[in-house]
1. Condition first: away from every other protein chain (no Cβ under 12 Å), under 19 Å from the mean Cα position of the chain (by Cα) and under 17 Å from residue C:224 (Cβ atoms). Now tell me which residues in segment C:249-273 satisfy that.
2. Which condition from (1) outside any loop (DSSP other than H, G, I, E, B); (2) under 29 Å from residue C:148 (Cβ atoms) is the one that residue B:23 breaks?
3. Please determine, by comparing only the residues of segment C:2-20 that are of a type outside the set (Val, Ile, Thr) and assigned to a helix (DSSP H, G or I), which one is least open to solvent (accessible area, probe 1.4 Å).
4. Which of the residues spanning segment C:274-285 are more than 14 Å from chain A (Cβ to nearest Cβ) and buried (at least 24 other Cβ atoms within 10 Å of the Cβ)?
5. Determine, yes or no, whether residue A:81 is within 30 Å of the chain's Cα centre (by Cα) and either charged (D, E, K, R) or open to solvent by 60 Å² or more (accessible area, probe 1.4 Å) (or both).
6. Which one is nearest to the other protein chains (Cβ to nearest Cβ), of the residues in segment A:197-212 that are farther than 19 Å from residue C:95 by Cα and touching a strand residue (DSSP E or B) at 6+ places or on another chain (Cβ under 6 Å)?
7. Could you list, in sequence order, all residues of segment C:220-235 that are open to solvent by less than 20 Å² (accessible area, probe 1.4 Å) and either more than 11 Å from chain B (Cβ to nearest Cβ) or touching a Phe, Trp or Tyr at 6+ places or on another chain (Cβ under 7 Å) (or both)?
8. Just checking, does segment A:262-273 include any residue being over 20 Å from residue B:278 (Cβ atoms), open to solvent by less than 30 Å² (accessible area, probe 1.4 Å) and touching a Phe, Trp or Tyr at 6+ places or on another chain (Cβ under 8 Å)?
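The values are calculated or read from the model by the stated rules, or taken from the named source; none is laboratory data. What you see is a predicted model, and the numbers here were worked out from it, not measured in a lab. As a convention, Cβ positions derive from the backbone with ideal geometry for all residues, glycine included, and neighbour counts pool all protein chains shown. Accessible surface areas use protein heavy atoms only, side chains included; no ligands, DNA or RNA. Shrake-Rupley method; radii C 1.70, N 1.55, O 1.52, S 1.80 Å.
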Amino acid sequence: MSRLEMTLEAVRGFIGEGEILGDQDFVCRSVASLEGAEGDQLSFVKDRRFFDRARQSHAGAILVPEAIEGVTAHQLVVGNPYVAFGALLHKIAREKRAQPGGIHPSAVVYSGAVIGDDVTIGAGAVVREDVVLGDRSVLYPNSYVGQRCKIGHDCVLHPNVVVMEDVTLGDRVIIHGGSVIGGDGYGYIQHEGRHIKVPQVGEIVIGDDVEIGALVTIDRATLDRTVIGSGTKIGDLAHVAHNCQIGQDVLLLPTSAVSGSVILGDRVILAGRAGVIDNLTVGEGAVIGATSVAFKDVPAGAQMWGNPARDKTLEMRIQGSLRRLPQMQRDMRAVKQKIDS
Amino acid sequence: MSRLEMTLEAVRGFIGEGEILGDQDFVCRSVASLEGAEGDQLSFVKDRRFFDRARQSHAGAILVPEAIEGVTAHQLVVGNPYVAFGALLHKIAREKRAQPGGIHPSAVVYSGAVIGDDVTIGAGAVVREDVVLGDRSVLYPNSYVGQRCKIGHDCVLHPNVVVMEDVTLGDRVIIHGGSVIGGDGYGYIQHEGRHIKVPQVGEIVIGDDVEIGALVTIDRATLDRTVIGSGTKIGDLAHVAHNCQIGQDVLLLPTSAVSGSVILGDRVILAGRAGVIDNLTVGEGAVIGATSVAFKDVPAGAQMWGNPARDKTLEMRIQGSLRRLPQMQRDMRAVKQKIDS
Amino acid sequence: MSRLEMTLEAVRGFIGEGEILGDQDFVCRSVASLEGAEGDQLSFVKDRRFFDRARQSHAGAILVPEAIEGVTAHQLVVGNPYVAFGALLHKIAREKRAQPGGIHPSAVVYSGAVIGDDVTIGAGAVVREDVVLGDRSVLYPNSYVGQRCKIGHDCVLHPNVVVMEDVTLGDRVIIHGGSVIGGDGYGYIQHEGRHIKVPQVGEIVIGDDVEIGALVTIDRATLDRTVIGSGTKIGDLAHVAHNCQIGQDVLLLPTSAVSGSVILGDRVILAGRAGVIDNLTVGEGAVIGATSVAFKDVPAGAQMWGNPARDKTLEMRIQGSLRRLPQMQRDMRAVKQKIDS
């Protein structure tokens, strides 16, 4: 359990305002949802729609927007419980993964690396030649940063993350466990039935505030740059192939995949297991639905569903018609008989 | 080759019964199927249906339920060759991955960890603060166990497995190479076109006898617990998103995926690359076919096929009709012409 | 940026021929495509179709098949610019990942290992008992090679690659970061609602010149051998299940998946996210399209599209008909009304 371990009074102090209804010395051991909370946990009520759930909750204390009758938990009335609870979550998240700081004796830092202030380089982590590592960045144990990479400030690379050579990360980039950034793109030339490797010598440039889930692969460009725009969020087990140009604030949900040389505009969303075939362009703000796969360019703002992806309204009509297709086939036989007779 | 290196007499001793037809000093170097076996290998015959294959096999020795005429291999007649062969497999599997035992000098165990008896902590493995590690559990090289995790007895974490903080494993849990348990769920709030991270401070609780394949991702809950029930088996490259409640004895085959906050009842089966969209419930014992994806709740015991998943019988009818759809379209044109003329 | 750092004269020397139009002392810092190049980079023109792009390029120098008018860059005229540029790429690729050589002090090599000449075993890499490692092979940091594996000459295992016990690699095999070769196949026997593990004691045999992308899983055979033929190329996040027999020069594109005991003939192609259901055979040279999944045996040379995969021509006709299906349903209602009235 990620610990909070604060009295309700201390929580009020952290939030900076609020009125306590109940015991100000009550200790909130941790946080939970209204449904999941136990007696020593703090929960929250976003607005009136959740008042009934609050009454049924086993939470020991609840952040509330106003005093709620019939709630047995201690209440802390604050202006915006949702925002206040979020601030507590950020505090817990920071503390539960607190790092020892410094460079562990079993980490290996090669020559030419420029290491910022207040970094953590965990046990067994490897920093290759000529890396630049920004201030306060954390390399978890057994992560790997290849030659000439530039890692910005306040980045976090979780355990066993692999960043191969010549990759640039902006500031505040988070990469979850085991992801591989900078593997070679899948590029071969066919020659007499054999497949000859095209060396992949390009780079990857990742902007600020990008978060990359666990076990994601992002491949380096063949010659130029694979680009991930600032603010983009990539889920677990997603794949971005070589030479892609991913815009800003794009959402690539878990297990989605983008083939080679694709261009995604800003704020594009690929839902779970969605995909885009190689060399296509998806316009700004377009959405490709869960498990849907674009085989053609997608205009800005479009909503595409299905595999192959079609306009969402058409695809929903087709799926509706499909349910009646066996009946329609029987109708057709009957019609033909009638006409022929 | 995983070695057996036992004489047929020693095999009889291990099984505890049986009659040898042939050379009791014949050395079985290893095991194989009837088709794949070479002259120094031991195979088995389950029942009469496999007698002909036994006659064609190159195996040096065969476990058989009764003497088979025309088999040149040495035969060991036992009550249940299938069960006896399985016991030999378990013996081989134990020995082929035998561990050195103890804590390797290059492993790093942080303060507050409680380490059970007879554990192996491999080279470069990292055990963070306040971990509890049960008896006889094995952490392969370069695996990582985060703060406050509880690992039961007889667990095995293969190389480079990452278990982030606040994860609980039952007894006899096996996790194959590179899997990441406890990465952050994919949770963002949209605010003026940007995506603001919702800290994921919940836990994961995994029951007894769970096996998790290679390169699987299981995300921690936002607030409460992601749960994997006892006896559940998860294949390679599968994904379980945050807040899921997976029942007992569930089968998630390789590359299947379960989106956020999904509830799967006991004994549910997701075949290869099957999926379930977020916030759905799949009832006990339901089966979702290979590459099929549920976009609606699935009742207990249902068999669902297709994407979107439908009742299997309906989906098979639709697929059958689809093959005839181009012809039907031509028929329709003809019918309309006839009627109009 | 992967560096070239050669004068145009040095490039001519490396290629072994060519005429310089411009400054022979111009320093090419690195390489790029015509579109992506900056003023200090070298690019190339394959043939006349790209002459206009060359005129618009910002490249500082260009390899050309003949002098191109209107190009401001320095030109190096060579017989085959494409081949010459490829040779430069190979040179850059070799140098940008240059290894320190030798066995890092924090690597762990167990007893009985036979280590070839001029190998690199990186920091934290683990080589278990009785491994054979060929000449000039490179184990990147924190990679793992299990008991009794045989690794050929000139192989490269990227960081955090896991090769479990009893796996054989040919020569010149490349495995990208985090891939897991030799995890247990997904094999269970159902017994009274529980799933009993079938120990997976078989091997994996991988041929020469195989390249395996990042985060790929290849499972060991239950009893015999999972086989990957020489020259086969496997993309990121692909999955090969236990007991598969993959032919030579096969292409498994990123995120494709092959279920258990499948046989793929030589030169089969599975496009992105394509799949084959268990126990099927796909004949030599067959192609399974992107996101298409074979549920039946596929004859040699066939082109299969869709899920379930059908003959490509039929599937394209069906997809065309589907777009008109809602209209067809309206037509059917009209026809039935006319006939009934």
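1. Passing the criteria: only C:264.
2. Evaluating residue B:23 over (1) outside any loop (DSSP other than H, G, I, E, B); (2) under 29 Å from residue C:148 (Cβ atoms) leaves (1) as the failure.
3. We begin by selecting, within segment C:2-20, every residue of a type outside the set (Val, Ile, Thr); these are C:2-6, C:8-10, C:12-14, C:16-19.
From what's left, assigned to a helix (DSSP H, G or I): C:8-10, C:12-14.
Values: C:8: 0, C:9: 65, C:10: 41, C:12: 62, C:13: 56, C:14: 83 Å².
Within segment C:2-20, the match that is least open to solvent (accessible area, probe 1.4 Å) is C:8.
4. The first filter runs over segment C:274-285 and keeps only residues more than 14 Å from chain A (Cβ to nearest Cβ), leaving C:276-283.
Passing the criteria: C:276, C:282.
5. Values: within 30 Å of the chain's Cα centre (by Cα): yes; either charged (D, E, K, R) or open to solvent by 60 Å² or more (accessible area, probe 1.4 Å) (or both): no.
Judged against the criteria, residue A:81 is not a match.
6. Going through segment A:197-212, the residues farther than 19 Å from residue C:95 by Cα turn out to be A:205-212.
Narrowing the set further to residues that are touching a strand residue (DSSP E or B) at 6+ places or on another chain (Cβ under 6 Å) leaves A:205-206, A:210-212.
Working: A:205: 11, A:206: 15, A:210: 10, A:211: 7, A:212: 10 Å.
Out of the qualifying residues, it is A:211.
7. Going residue by residue through segment C:220-235, those that are open to solvent by less than 20 Å² (accessible area, probe 1.4 Å) are C:220-221, C:226, C:228-229, C:231-235.
Of everything in segment C:220-235, those that are open to solvent by less than 20 Å² (accessible area, probe 1.4 Å) and either more than 11 Å from chain B (Cβ to nearest Cβ) or touching a Phe, Trp or Tyr at 6+ places or on another chain (Cβ under 7 Å) (or both) turn out to be C:226, C:228, C:229, C:231, C:232, C:233, C:234, C:235.
8. Filtering segment A:262-273 down to residues over 20 Å from residue B:278 (Cβ atoms) leaves A:262-267.
If we keep only those that are open to solvent by less than 30 Å² (accessible area, probe 1.4 Å) too, we end up with A:262, A:264-265.
Then drop every residue that is not touching a Phe, Trp or Tyr at 6+ places or on another chain (Cβ under 8 Å), which leaves none.
No: segment A:262-273 contains no residue that is over 20 Å from residue B:278 (Cβ atoms), open to solvent by less than 30 Å² (accessible area, probe 1.4 Å) and touching a Phe, Trp or Tyr at 6+ places or on another chain (Cβ under 8 Å).
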